[in-house]
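Here's the structure we're looking at; comments come further down.
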Amino acid sequence: MPSRFFRSRRFSQRAVRQLRMRVIAGVSGGRRLKAPRSAATRPTLARVRESIFSRLAARIGFESRTVLDLFAGSGAMGIEALSRGAQHAVFVDSSRVAAAAIRRNLEALAIVDRARVCAIDAGRALTELAAQGARFDLVFVDAPYQRGLSGAVLNRLVALELLAPDAWLVVEMSRREEPPQSAGLETISVATLGDQRIALYRRV
């Protein structure tokens with residue numbers, strides 16, 4: 001699928017004000033994060049993040065995990081995983097404003113050396129990461145809603161062999177969307193939280 005279909009939400013260059021969030025738990029628990037404020041910004045609410053990580057923590061340990069945060073926005077999901085012990089995280093967002101916010105958050109938490117930020121569209125990022133032999137234990141996907149992108153992303157992750165054995169994936173979507181299916185992935189749970197639906201998958 002052409003990479004243009006994987007472009008992230010666009011952030012206004014005038015988005016100088018910041019949305020404030022906090023890391024929920026781990027070594028950086030309670031520390032503030034910043035995200036660009038614009039009509040296109042859709043940061044994951046704290047209660048949704050807490051629910052996601054509670055579901056993950058009941059099934060996996062975060063220590064030594066390699067993480068991929070696609071359509072990363074502020075980077076809150078990947079940073080939460082790093083705070084809980086993940087070894088390394090790659091953040092992907094085509095918006096340079098979003099990428100700059102992620103870098104500021106990483107610098108503020110002194111975890112730049114455990115992260116990589118890619119300010120390119122998700123399709124190109126997946127191709128490049130596969131060429132580099134990258135493999136991920138935990139993947140977060142928060143694609144623009146109502147465009148059918150999540151399913152395409154899951155298929156690319158499997159086809160490009162970017163998932164480590166027993167990898168786990170979290171997909172955020174609108175409650176009006178059906179959870180995507182992909183060969184090679186098992187749907188573990190689907191939960192509706194307010195206007196969002198959260199699907200948890202595991203590589204078979």
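Details
- R124-A159 pseudo-label distance in nm [points 7 Å out on the Cα-to-Cβ vector]: 1.9
- Backbone amide hydrogens, once placed in the peptide plane, bring A25 within less than 5 Å of G30, excluding anything fewer than 5 places away on its chain.
- Per atom type, the chain shows carbon and sulfur on 47% of its accessible surface, probed at 1.4 Å.
- Annotation note: GluC sites (Glu not before Pro) in the range 154-204 located in DSSP loop regions with a Cβ neighbour count of at most 12 within 10 Å are E161.
- Extreme residue, positive dipole direction of the chain, given options S51, Q132, A159 (C-beta unit charges): S51
- Förster radius 22 Å - calculated FRET efficiency between A100 and R32 (Cβ-Cβ, nearest 0.05): 0.85
- Sorted largest first, the principal axis extents computed over the alpha-carbon atoms of the chain equal 41, 38, 34 Å.
- Radius ratio Rg over Rh of the range 151-194, counting only Cα atoms, Kirkwood formula for Rh: 0.97
- Rounded to 5, the percent of DSSP beta bridges in the chain classed as antiparallel: 55
- Separation of the S51 and E186 label points, Cα + 7 Å toward Cβ, nm: 2.4
- Residues whose amide H comes within less than 5 Å of that of L193, counting only those at least five positions distant or on another chain, are I198 (H built at 1.01 Å from N in the peptide plane).
- In the full protein context, the range 143-196 carries 45 Å² of accessible surface per residue, based on a 1.4 Å probe and ignoring ligands, DNA and RNA.
The values are calculated or read from the model by the stated rules, or taken from the named source; none is laboratory data. All of these numbers come straight from a predicted model, not from anything done at the bench. Methodologically, a virtual Cβ is constructed for each residue, glycine included, from the backbone with ideal geometry; neighbour enumeration extends over all protein chains shown. Surface areas here come from the heavy atoms of the whole protein model, side chains and all, with no ligands, DNA or RNA. Shrake-Rupley method; radii C 1.70, N 1.55, O 1.52, S 1.80 Å.
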